[in-house]
Every structure is written in structure tokens, then in C-alpha cells.
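Structure record follows, encoded as C-alpha cells.
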Amino acid sequence: MSVELNKDLINARLKTILDAWTKAGKNDEFSTIADVDAIFLAAGEDEPIRKGTAFQTWLLGFEFPSTLILLQKDKVYILCSVSKARILEQWQKSKTPIPIEIFVQAKAKDPPTDALPKFLEAFASHQRLGALTKETYSGKLIDEWNKALSAVEKKPEIADIALSISAFMAVKDDDELKATRIAANLTSTLLTHYVAVKLETILDRETKISHEVFAAQIEARIGSGDGDDAKGPDMKVWSKGRGLNDVDWLATEYCYSPIIQSRSSEGGYDLKSTAESTEDDMAHKGVFLVSVGMRYKGYCANVGRTFIVDPDKDQESIYNFLLGLQTDLLHKMKDGAVARELYHYALSTVKKQKPELEKHFVKNIGFGIGMEFRDSSFLLSPKNARQLKANMVFNVSIGFADLEDQDKKKYALQLIDTVKVGQDKGIFLTEGVKSTKDTLFYLTRDDQEEKPTKKPPAAKVNGNASPVKNKTAGGKVLRNKTRSAAQEDAVQTAGAKIADHQKEVHRLLQEEGLAKYSEEGGSGTGKEGKGWKRFQSYKGEVGLPKEVESLRIFVDRKAQTVILPMNGFAVPFHINTIKNVSKNDEGEFTYLRVNFQTPGQLAGKKEDTPFEDPDATFVRSVTYRSADGHRFDSISKQITDLKKEVNKREQQKKELADVIEQDVLVEMKGRRPVKLPEVFVRPALDGKRLPGEVEIHQNGLRYQSPMGTQKIDILFSNVKHLFFQPCDHELLVIIHVHLKSPIMIGKKKAHDVQFFREASDVQFDETGNRKRKYRYGDEDEIEMEQQERKRRQMLNKEFKAFSEKIAEAALASTGDALEPDIPFRELSFEGVPFRTNVRLQPTTECLVHLSDPPFLVVTLSDIEIASLERVQFGLKQFDLVLVFKDFTKVPLHINSIPSGQLDDVKMWLDSVDIPIAEGPVNLNWGPIMKTINDSPYDFFRDGGWTFLGGTGDESDQDDESDTESEFEAEDAGEPSDDSSEASGSNFDGSDASDDEGSGSDFGDESDGEDWDELERKAAKSDKKRAEAVVENDSDSDRPKKKKAPAKSKQSAKPNGKSKR
């Protein structure tokens, strides 16, 4: 049975209703049912979720459309269809507080039954009935019911019981609160990690988009479409929320279409929950109101925020007042509080602190929320005398309407949150994006402040003037000291900032890891355990080939099976059960041995593949003997070839597992598509290398070869990143598309598709022309350089404009913004991600290498931590390992990055909030990731990534490194960062001149003692080595041994600490 009713919960809630009904008085919250004989509940077809539907779902656990329920104190009558009756029989057969009788309506094709007359008889037998009189219903059953009811002469009196129904559902139990919390977490996550970020992007880029389209984009985050066109939830957003790992997305929906309002909204601002997003384009300045409500397993949560671009002082003051008022109300929302007293308190606070805003204050400050989105029985209004109880949930909404800004334009402010009533005070269930730093954007002020704050650092780095920071002697500035000290101070300041920021980043990483995997019971990888596959060669004896009758070994290539004779039976073995086959000749006979796959032998000794029956006996191998050696040669070759063929097929299948079949490209109709001509594509198509053209269509791109024989279609829905790389300092100008899922191009799968044009023009006359004889010197070369520069500028302009048109078309097609990302060459560094040394360039969202295949595109948001390895003094290169948030992915190794770029790489990683770890050696990441995947929660509980030493304090790593023994005495008393940077600056100084080298050591009193100690150690070591080999060395060799100390001194000389 597909639907399983929670019978215990239904019976418990039915008993609650009966007990409250029996004890109901005329002055309590159940007064409306005190004097009724029965309660009548109706449900029509395709009805919106209202009080009657919500109460039915609350009682039975599911919604039953076209169902009538008559609840008496001694019996329950239900009128429904056959299919619903089968489900409700589960409840009928359980231990119910009162009997249940189900009347089954006949199907349309069947003759009518007496179900409706019997139900009507029970209905009409009462004098006074309770029902939801304000609700109307529709549907075939309702029409039949109304027709039958109109024929009854004596109808019972109907009383409205809406207040009592609300009271039953108002106080939430633990299961209801859990569903409400998940709904609140969904709402808060959507607001924080998508709505606010997206709105900021729209405002920053001044994107032209309507309120309605933005609302539709928000709505698409939980998935959209049906059948083959269905899209799942956007896990890039939901993975950032807390406690959302086991969400049932089929039980998740929006309470209403998200509401987006700005000053350009038709009809102005509307603070009602029934407001709608209009078709007008969003303004890019002023006040923005955003409201989002989500329902999980029937329970609702709601949140609303105000964003203000370039607010004036009054707007800022009023918004801060709203924040304070909401906090005050939270402390008043406790068990026993009265709804109207809460409103009067809020209104009196407005009168006292902002009397001019009293007339603009909202008419109510919220309502009860749960199964029903808006329960008007628990309206927080000036006339409602109902009491609040612990574990009730309210949608608290405060704000001001019809305000005027300095430009005399109307605006409104609003603050909405879902709150649970507690014993002592209320508790926020929704949170995030509420403080002024998150909701107020000061455009003008930022423009004035950023310019002065950005320019001074540039002057310090690039200018020749050195800042004076109390580095004086006798009232005079020491030029050499100031220059080197300024550099050291700048490095130390940057290093300290990185260290402080990294501590915070690592702390957040640890907290997120614990929160993410604590909900999953310690696993969380979603990976199933290893297991044995089952293979079926034949469905029965009928499928066996005729050759088995001879009881000889037979290889059936069609069934991928080897049939072996055993004890007079033909036994088929699928080729995947066979490990290998071997053949040996001994005397007159040839032996053929077939080895099978068995536990412990699948992929080596370390394999721990389980088997469902641990007591099973396995055949490890079978050996056959024959005098016909040629036949065994043929069989051995057939089995080996079949094994190779199947393995190759499995490998290809595995490689193509993530390849998707794209939808059909919808071509542009009514007008010609925008084209980019004369471009090459990578990966290249079959045939001669000729340029083709790229076209922008309604839902994607199409590349066509020159003759139109071959094409590549890319849908916007499958585009993850779009890059434009100009031809400055490059040979190519590139538009690069990185896909969400790979597609097939020819016979190979491709994650990336690139369109490019060569920037250099070889079609010009190198022999000179008529102008040549009138020119002397380098004038012609200068002209050629100018033409080359202009040509590159035109290429960049053409490709950039086309990439922007792609972004516009993608926004119109999918609703998701797709901005062309341009690599930052000034932040680039060299490394070896594959086999060759390439230039890696960061972009806003990625780290890329696009110039040559194989391409590299790493999304920064997918990176868990960056580990810097082989970071040692004296090594010219270091390695970078990027560990992904998806622990099942193999970490990316970027090797052989020049050590001179270490600080640049660290600053860039820190600027994009990626946790950094440093170590002197390379780590074996295979076993590390296996340990993490076995139990991520245990990994984070035991400290997480702290084993890498990357908490922002690098002294531990440097203390462990013994590569340069000369610095042991120095490092004992100084931080490792400072000492390593100081040694670097001394090295540079010694290269420049002896004066600068000695000057840079001015004031360092401990350097002489350290050098003498090192001299003694070196001499002692050399003496021991000389004594060890004195017997084997000739006289001519001994002087060479005496030179060793001198070499030792010279090797240490770059430190600039020689006393000679």
C-alpha cells in the first residue's frame, strides 16, 4: 500500500478533540463547539490550502480531496471514493477512541450506492452542527451533496467553529515544530544565500530585470519542470543551509510566489501578504521589499526584509527603530501574553519614540502560522483577546507604509520573521540578512571613500618614497634601514592580516563541517558500500547454445559467457566472474586453468569487498587437461580477448556515465541569430581545420562548420561558467564555455567548449612596398605595431560584445544570470596541473587555464581547503593541493609553482576566503581522503583540518622544519614568519652591495654569536669526517678535505652575517 497512515497520531489527535469538546465552556477557546451536536468537515477538488483542508491534514496526516467527514462525540462518519476508503480502512481497523463508519461512493461507471443518503441521514439527525461557514467548496461530490441537502425539509442549524479549529492546531507538538524549523531553515537559507546575493548582483551590475522574472528565478531554486524537462533543487544554495541534508524535496513548496517590490512597482509598495511581483523592471535605487514563504510537510515559515540603496538618515533611523522594536516584541511573546496587548505595546513604543510615524504603522503586527499560512483567529491586532501559549508559531510582521523620502517619493519599510512562543520569551525560527551592514547600501559614500583608501597602498608599493615609521638615529633617517624595514613591515602587516583572517576562516570551516555532517549520523558522503554485482548469462536452460550438448568448453561471445563442463553438467560462467586464464604444457598434455573472482582477490590484497553470505564457499579456480593443445590455445585466446573486450566496454561506459543527452536547441525564428564568424572550436571537429561560426539561439549556442556538415549545440541550461579571455599578452582571443555536465563531441566527451580566433595576422607584405623607399629607420615597424595593437583591440571588443550577448540570451532563457568572467592576469602564477607548466589565472569565481588543452576550470566555491606543500626555505618551488567539498573527488595537485609567488598565491587564496594550510612535505592524499570519506563527522569531531597545521598560525610548521640548521638559534625566540621574511630581505641586500648587506643587519646583536656557534659546529663536523677517511686518502687529496669548512662558510654567506 503506497500510503501508510500514522494511526497512533490520528487517534491521539481525535482524543484531543473529543476531550476538548467534552470540557468546552462558553468562555474558553473552544466555546464555539461547546453546544454543537456534531462537527461537519468538507473538502472539494483542487482547493487552496485553507482552514478546512489544513485541519483535515492535521487530523489524518494527508489531504483527502472530495471527502466529507461528520464527527460526533460517539462516532465518525466518512463519505469518500473507493480508493480513499481503502486507505482510511487502516484507521478504521485500529484501536480508535470511537467507532468509524465509512460510506463508499460508487465509481462513475458503476450503479449508484446508498452511501450519500445514509451520510445525509446522519447529518440531518442533528439539530445544531458546527462547520466552517465562511469557506466554499467545489467539485462533483460537493455538487451532489448540495443537491441532496437542498431536498431535505428539516435542516440542522449551522454554527461557525473556525475559532475552535484554529485552537486545535495552534499549539505545535515536537514533530510539527521539527517540520516548521526545517521550513524556517529553508526560507532563511534561500534568503541569505540566494535572494540577498542575487539582489546585490542585480543592483551592482544594474541588470535590467523585472520583479516577476526575479521572483520566478527565486521560485526555481527548489526545482521546476516535469518529466524529461524537470530540474532538481539547486543544491549550490541549499547545501549552505543548516540541517537540510535529509530534506524531502517532494514535500517542499512555496507558500506563495516570492514578492519583490521596488519604487518602480506598479501601484506602489504593498505590505499585505497577498501582494504580487509586477511585470515592471526593477529600480536600481531606493527601497526594495522582499518576502519569501516556504512550506515543508504542510507547515509554513515566512520571512521578509527591506533593502535600501543609498538611504538617507531618516530611513536609516526608522530601520534601526524597527530592529529594536522587533527585539522588544520578542521578549513579550511568551506563554500567557494577549494578542491585543502585544499590538498596543508596539503602537505605544512608536508613539513614544517616533510619534510622527504612528499613522504609518501597520494595522496588525502578524498572525498565527502553521498548516494554514495565515490563521486570522490568532491575528496580532488591537481587538483580538486570545492568549498566546508556548509552542505556538507566529508570523511577526512590523513596518511602516506610505512614507516619503527626501525626494518626496513614497516608500515603505517592513521586517518579517517566523517566531515560536516560549515560556519566557519568543524564539526566532528564521534568521539572517537583517543588520544594517547587510541591508543598507551606501553607493555615494562608498565612491567617496574607496578612492582615497585604495590609492595610498599603491603609492607605497610602486613609489620610491619610503614611509618613515620612527626609524631614526640621532634625529636623521637611516636611508637603507628605512627602505628594508618598510618592506619588512609591509610584509609583516600583510602576513598578520592573512593569519588573523585565516583563523576565522578555519573556525567557520570546522563549524560548518560539524553542522553539515552531524545531521547525517557520521556518514554524509552518500556513497553506498562496496558490493558484488550480479550477472545473468541465460534466463534458463532453453537459452543455452547447442554446443553444450558435447560437454566441452565453449566461449559464447554473444552472451559474454564461458560454459565449463563440471561433473557431467554444462555450467555457464559470466565473463565478469572470471579473473584470468592460464595455459601450461606438461608432457603430452596441455593444462588450462581458469581463475575466478573471489572475495579478497577482486582488486588486490587490500580489497575488503563484502559478500551477502559470509559462510559461502567459493571456487577459486578450475583446471582442465587435454591432449589437444591447439584447442586449448584457441580457447585461452578467446577467453582473454572476450575479457579485454568486456573490460574496455565497461571502462567506456564508466567514462560516459556523466554524459547527458541535451534537449533540442530551439532555433531563432523571425529574425537572424546573432553570429560570431571566422572562429575555431576546441575540441576540434573531424576533418580539415577550417573556421566556422557561432550562433546565439533562443535556448543555447550552435557552432557550425564551414560547409554546415557538422555542428555543436550547447544549451544555456547546461552552462556553468562563461569566460572571455582577451588577446592582451596572448596569441588567441577566447570565449570559453564550461559545462555543468559533459556532452559528446565526436566520439569524445567534453566538459569545456572553446571558441577562439588567432590574434596575429600573417597576411601582410614583409618585402615592403612603395612607401618603403620614402621611409628610413623603424617607422614601418612602428606602424605595424600600431596596426597590430588596433587589430587586437578590435578583436577584444568583438568577442567581449558577443560574450555579453550570450549572457543576455542565457538570462532571458533560464532566468539565471550568466556573467562573462575575465581572467585576472596580474594575479596569475605558473604551475603544473597536468603534465606541462602553464599560466594559471584567477577569475571572480574560478581558477582557470584556457590557452591550451587540456583546460583547467576550478570553481572556487567547490574548494574546501588549499594545502601548500614543500614550503621550505631553500626550495625554489612549492606545490598547491586543492581539496574539494565533495570528498569523493580526487584533490587537484598543482605542482612546481615558483617560490617567489608564494605570497601572491596566499594573498589571493585568502582574499577569496579559502582556508590555507602549509607544510614542508608532500602528503599522501589517497589514504587521507579514504579516512575522511569513511566518516566525515568523526573527522571533523576529531579536529578536522587542524592536522594540516593551517589555522592561520604557521609557526608550528616552521618549527618542525630542520632543513636549514643555521637558523635554529634565531627561530627559538622569533616568530617563524618574521624570521623567514627577514632572511629573504638580507639575501637580497647582500646581492646588491656589501654596504647594503651590512646596513640591513644594523642593530641585530645576536647574529655574531649565532655565526660563531655555527663556525664551531662546522669545524667540528669537518674534523670528524677528515679523521674517518684519513687512512684511505692520499696526500694530494687532503688539501681538498681542508677546503670543506671554507665552502661551508661561503654557503652560509648569503645571510649577510659574516664577521670577516
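Could you tell me which residue of segment 894-910 is nearest to the chain's Cα centre (by Cα), considering only residues that are open to solvent by less than 60 Å² (accessible area, probe 1.4 Å) and of a type in the set (A, V, I, L, M)? Quick ask: steps written out before the conclusion?
Taking segment 894-910 as the starting set, the residues that turn out to be open to solvent by less than 60 Å² (accessible area, probe 1.4 Å) are 894-899, 901-902, 905-906, 908-910.
Then drop every residue that is not of a type in the set (A, V, I, L, M), which leaves 894, 897, 902, 905, 909.
Details: Ile894: 23, Ile897: 29, Leu902: 28, Val905: 24, Leu909: 19 Å.
Among those residues, the one meeting the criterion is Leu909.
Ile158 passes all but one of (1) open to solvent by 50 Å² or more (accessible area, probe 1.4 Å); (2) part of a helix (DSSP H, G or I); (3) β-branched (Val, Ile, Thr); which number fails?
In the conditions (1) open to solvent by 50 Å² or more (accessible area, probe 1.4 Å); (2) part of a helix (DSSP H, G or I); (3) β-branched (Val, Ile, Thr), Ile158 misses (2) alone.
Out of segment 800-821, which residues are assigned to a loop (DSSP other than H, G, I, E, B) and small (Gly, Ala, Ser)?
As a first pass, look at segment 800-821 and keep what is assigned to a loop (DSSP other than H, G, I, E, B): 815-819.
Once the filter is applied, which keeps residues that are assigned to a loop (DSSP other than H, G, I, E, B) and small (Gly, Ala, Ser), segment 800-821 yields Gly815, Ala817.
Which is surrounded by 15 or more Cβ atoms within 10 Å (Cβ to Cβ) and under 17 Å from Glu372 (Cα atoms), of Thr180, Thr136?
Numbers: Thr136 fails: surrounded by 15 or more Cβ atoms within 10 Å (Cβ to Cβ).
Sole residue among the options that is surrounded by 15 or more Cβ atoms within 10 Å (Cβ to Cβ) and under 17 Å from Glu372 (Cα atoms): Thr180.
Would you call Glu89 among the acidic types (Asp, Glu) and within 19 Å of Pro65 (Cβ to Cβ)? Break it down stepwise before answering.
Numbers: among the acidic types (Asp, Glu): yes; within 19 Å of Pro65 (Cβ to Cβ): yes.
Yes, satisfied.
Test Leu79 against the stated conditions and say whether it is modelled with pLDDT of 90 or more and closer than 13 Å to Leu141 by Cα.
Working: modelled with pLDDT of 90 or more: yes; closer than 13 Å to Leu141 by Cα: yes.
Answer is yes for this residue.
Tell me which residues, restricted to segment 161-177, are of a type outside the set (A, V, I, L, M, F, W, C) and open to solvent by 20 Å² or more (accessible area, probe 1.4 Å). Steps first, answer last, please.
Pass one, segment 161-177, residues of a type outside the set (A, V, I, L, M, F, W, C): 164, 166, 172-176.
Once the filter is applied, which keeps residues that are of a type outside the set (A, V, I, L, M, F, W, C) and open to solvent by 20 Å² or more (accessible area, probe 1.4 Å), segment 161-177 yields Asp173, Asp174, Asp175.
All but one of (1) closer than 30 Å to Val733 by Cβ; (2) modelled with pLDDT of 90 or more; (3) surrounded by 12 or more Cβ atoms within 10 Å (Cβ to Cβ) hold for Ser582; which doesn't?
It fails just one condition, (1).
Please go through segment 352-390 and pick out each residue that is open to solvent by 50 Å² or more (accessible area, probe 1.4 Å) and closer than 19 Å to Arg295 by Cα.
Those that are open to solvent by 50 Å² or more (accessible area, probe 1.4 Å) and closer than 19 Å to Arg295 by Cα: Arg374, Ser376.
Yes/no matrix, rows are residues, columns are (1) more than 36 Å from the chain's Cα centre (by Cα); (2) surrounded by 15 or more Cβ atoms within 10 Å (Cβ to Cβ):
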{"residue": "Asp628", "(1), (2)": "yes, no"}
{"residue": "Arg631", "(1), (2)": "yes, no"}
{"residue": "Lys644", "(1), (2)": "yes, no"}
{"residue": "Glu655", "(1), (2)": "no, no"}
{"residue": "Val664", "(1), (2)": "no, no"}
{"residue": "Asn699", "(1), (2)": "no, yes"}
{"residue": "Gly708", "(1), (2)": "yes, no"}
{"residue": "Lys720", "(1), (2)": "no, yes"}
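Looking at (1) in a helix (DSSP H, G or I); (2) open to solvent by 10 Å² or more (accessible area, probe 1.4 Å); (3) under 22 Å from Ala115 (Cα atoms), which is the only condition Ile98 fails?
(1)
Please determine whether any residue of segment 282-295 is over 24 Å from Lys420 (Cβ atoms) and among the charged types (D, E, K, R).
Initially, segment 282-295 is screened for residues over 24 Å from Lys420 (Cβ atoms), giving 282-289.
Then drop every residue that is not among the charged types (D, E, K, R), which leaves 285.
Scanning segment 282-295 turns up at least one residue that is over 24 Å from Lys420 (Cβ atoms) and among the charged types (D, E, K, R).
Can you find a residue in segment 857-869 that is open to solvent by 20 Å² or more (accessible area, probe 1.4 Å) and more than 19 Å from Thr844 (Cβ to Cβ)?
There is no residue in segment 857-869 that is open to solvent by 20 Å² or more (accessible area, probe 1.4 Å) and more than 19 Å from Thr844 (Cβ to Cβ).
Looking at (1) in a helix (DSSP H, G or I); (2) surrounded by fewer than 19 Cβ atoms within 10 Å (Cβ to Cβ); (3) touching a helix residue (DSSP H, G or I) at 6+ places or on another chain (Cβ under 7 Å), which is the only condition Asp913 fails?
(1)
Of everything in segment 518-567, what is at pLDDT below 85, exposed (fewer than 10 other Cβ atoms within 10 Å of the Cβ) and in a loop (DSSP other than H, G, I, E, B)? Give them in sequence order.
Gly526, Glu528, Gly529, Lys533, Arg534, Lys539, Gly540, listed by residue number.
Can you tell me which residue among Asp663, Asp608 is acidic (Asp, Glu), at pLDDT below 90 and in contact with a strand residue (DSSP E or B) (Cβ under 7 Å, 6 or more places away or on another chain)?
Asp663
Which one is nearest to Trp58 (Cα to Cα), of the residues in segment 359-413 that are part of a strand (DSSP E or B) and of a type in the set (Ser, Thr, Tyr)? Before you say what the answer is, go through the steps one by one.
Restricting attention to segment 359-413, the residues satisfying the condition of being part of a strand (DSSP E or B) are 361, 366-368, 375, 387, 392-404, 410-413.
Cutting the leftovers down to of a type in the set (Ser, Thr, Tyr) gives us 397, 411.
Working: Ser397: 25, Tyr411: 40 Å.
Per the stated criteria, the residue is Ser397.
Which one of Leu868, Leu847 is among the aliphatic types (A, V, I, L, M) and under 26 Å from Lys749 (Cβ atoms)?
Values: Leu868 fails: under 26 Å from Lys749 (Cβ atoms).
Of the residues listed, the single one that is among the aliphatic types (A, V, I, L, M) and under 26 Å from Lys749 (Cβ atoms) is Leu847.
Which members of segment 801-832 meet the condition of being open to solvent by less than 90 Å² (accessible area, probe 1.4 Å) and more than 30 Å from Ser224 (Cα to Cα)?
Across segment 801-832, the qualifying residues are Ala801, Ile822, Pro823, Phe824, Arg825, Leu827, Ser828, Phe829, Glu830, Gly831, Val832.
The values are calculated or read from the model by the stated rules, or taken from the named source; none is laboratory data. Note that this is a predicted model, so its numbers are computed, not measured. As a convention, Cβ positions derive from the backbone with ideal geometry for all residues, glycine included, and neighbour counts pool all protein chains shown. For accessibility, only protein heavy atoms count, side chains too; no ligands or nucleic acids. Shrake-Rupley method; radii C 1.70, N 1.55, O 1.52, S 1.80 Å.
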